[in-house]
1. If we only count helices (runs of 4 or more DSSP H) wholly inside the stretch 1-76, which ones have 2 or more residues that are closer than 18 Å to residue 99 by Cβ?
2. Restrict the check to the stretch 118-125 and report whether at least one residue is surrounded by fewer than 15 Cβ atoms within 10 Å (Cβ to Cβ) and in a helix (DSSP H, G or I).
3. Taking the residues in the stretch 101-113 that are in a helix (DSSP H, G or I) and surrounded by fewer than 18 Cβ atoms within 10 Å (Cβ to Cβ) as candidates, determine which candidate is modelled with the highest pLDDT.
4. Can you name the condition, by its number, that residue 26 falls short on among (1) in contact with a Leu (Cβ under 9 Å, 6 or more places away or on another chain); (2) within 18 Å of residue 147 (Cα to Cα); (3) surrounded by 15 or more Cβ atoms within 10 Å (Cβ to Cβ)?
5. Go through 63, 46 for me and flag whichever is surrounded by 20 or more Cβ atoms within 10 Å (Cβ to Cβ) and assigned by TED's automatic domain parsing to the domain that holds residue 125.
6. Identify the single condition in (1) modelled with pLDDT of 90 or more; (2) within 15 Å of the ligand (Cβ to nearest atom); (3) surrounded by 17 or more Cβ atoms within 10 Å (Cβ to Cβ) that residue 9 does not satisfy, given that it satisfies every other one.
7. Being part of a helix (DSSP H, G or I), over 9 Å from residue 208 (Cα atoms) and not β-branched (Val, Ile, Thr) is the filter here, so list the residues in the stretch 126-140 that pass it.
Amino acid sequence: MADYRTHVITSGALGAVYGLSSTVLLGFTGIQGALAGVLTGVSGMLPDLDSDSGRPIREVFGLLAAVGPIVMMERLEHWGGSREAALLLAVILYVAIRYVASGILQLTCVHRGMFHSLPALVIAAEIAFLAYLNDSTAVRGLMAVGVALGFGSHLVLDEIYSVTWNGGRLQLKSSAGSATKLLGPSWPVNFLVFGIALTLGYAVLLDGGFTAPPAVERPLTRATKTPAQNGWERVAGNPSHAPQTEAEESEAAAEDEADLALEPSRWQRTRR
Ligand SMILES: [Zn+2]
C-alpha cells in the first residue's frame, strides 16, 4: 500500500485540479471550488482512519476534527438555532472526532477492513452531502463528489501499490483487490455498511429534494370539500335566503365560511 506521504500528495494534487476545474469549467465560485478541493485533499486520507496508531493517523483525525465542524457550520447553526449554539456544537464535535471517535475506531476496526471499500466511499460522499447545508444542491453535490474523488484516489493508489515488478514480471501482492472491494469477509459488518449506505442514500434523496416524501393520503374533510359537498346549494339570486345565522350555528369549517364570505347570499343550507 501507498504510504501517507504519497496519499497526501496525490489527493492534494487531485483536489487542486478539481477545485480549479469546477471554478473555471463548471462556473462555481472560487471559494466553493477551493473548499471542494480541500475536501478532496483531506478525503484522500480518510480510508486510513482505521489504521494503527501513529503520527499519520493522529494527523488525519486532527484534520478531520478541524475540517468537519467548519464544513458543517451551516448545518450546526440550523440544529443549534443560533451562531453561539453552532460554535459550541462545533467545539463538541471537534472533541468527539479528535478523541472519542479515534479511540473507538482504534479499538474496534481492522486495518484495511471495510474502510477500504467502495461502499465506504459512497458513505463518505453521502455524509458530506448531508453535512454541507447549502441552498444549492449543485454546491452540495460538488462537495460530495470532491470527497468521493479524494477517497477514491486513496483506494486506487493502494491497488496500484499492490502490483510489483518481480524479475520483469508483474506480480500481485496478497493485498491486491482488497482496497476497492464491495464486500468484506464479515457478513454482519457488510450488512451494517450497506445498511448505512442505503439509509444515508435515502436521506440524500429526501434532503436534496430529489424526491418528495411519500404523500399522506388525506380523506376528504369538511375543510377540503367544496361548499356543495358539505350540503350547501347555490340559490339563484335571492338575498333574503342568506344563511348567515345558520352558518354560524353549524360547525362548518373555517374554509367553508371563507367560501361563504365571498358570496354569502348565494348559498343556502339544504340538508343537515
Ligand atoms: Zn490505505
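The values are calculated or read from the model by the stated rules, or taken from the named source; none is laboratory data. Fair warning: this is a prediction, and the values are worked out from it, not measured in the lab. Methodologically, a virtual Cβ is constructed for each residue, glycine included, from the backbone with ideal geometry; neighbour enumeration extends over all protein chains shown.
1. Details: elements: 4-24, 30-43, 55-71.
Passing ranges, in order: 55-71.
2. no
3. First, the residues of the stretch 101-113 that are in a helix (DSSP H, G or I): 101-108.
Applying the additional criterion that residues be surrounded by fewer than 18 Cβ atoms within 10 Å (Cβ to Cβ) yields 101, 103-108.
Details: 101: 86, 103: 81, 104: 82, 105: 78, 106: 74, 107: 74, 108: 72.
My answer is 101.
4. Looking at each condition in turn, residue 26 falls short on (3).
5. On the way: 63 fails: surrounded by 20 or more Cβ atoms within 10 Å (Cβ to Cβ).
Criteria check complete, one pass: 46.
6. (3)
7. To start, the set of residues in the stretch 126-140 that are part of a helix (DSSP H, G or I) comprises 126-131, 137-140.
After this cut, where a residue has to be over 9 Å from residue 208 (Cα atoms) as well, the list is 126-128, 131, 138-139.
Once the filter is applied, which keeps residues that are part of a helix (DSSP H, G or I), over 9 Å from residue 208 (Cα atoms) and not β-branched (Val, Ile, Thr), the stretch 126-140 yields 126, 128, 131, 138.
For every residue, the table says whether it meets (1) surrounded by 13 or more Cβ atoms within 10 Å (Cβ to Cβ); (2) more than 13 Å from the ligand (Cβ to nearest atom); (3) within 26 Å of residue 157 (Cα to Cα); (4) among the polar types (S, T, N, Q).
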position: 38; (1), (2), (3), (4): yes, yes, yes, no
position: 77; (1), (2), (3), (4): yes, yes, no, no
position: 90; (1), (2), (3), (4): yes, yes, no, no
position: 115; (1), (2), (3), (4): yes, no, yes, no
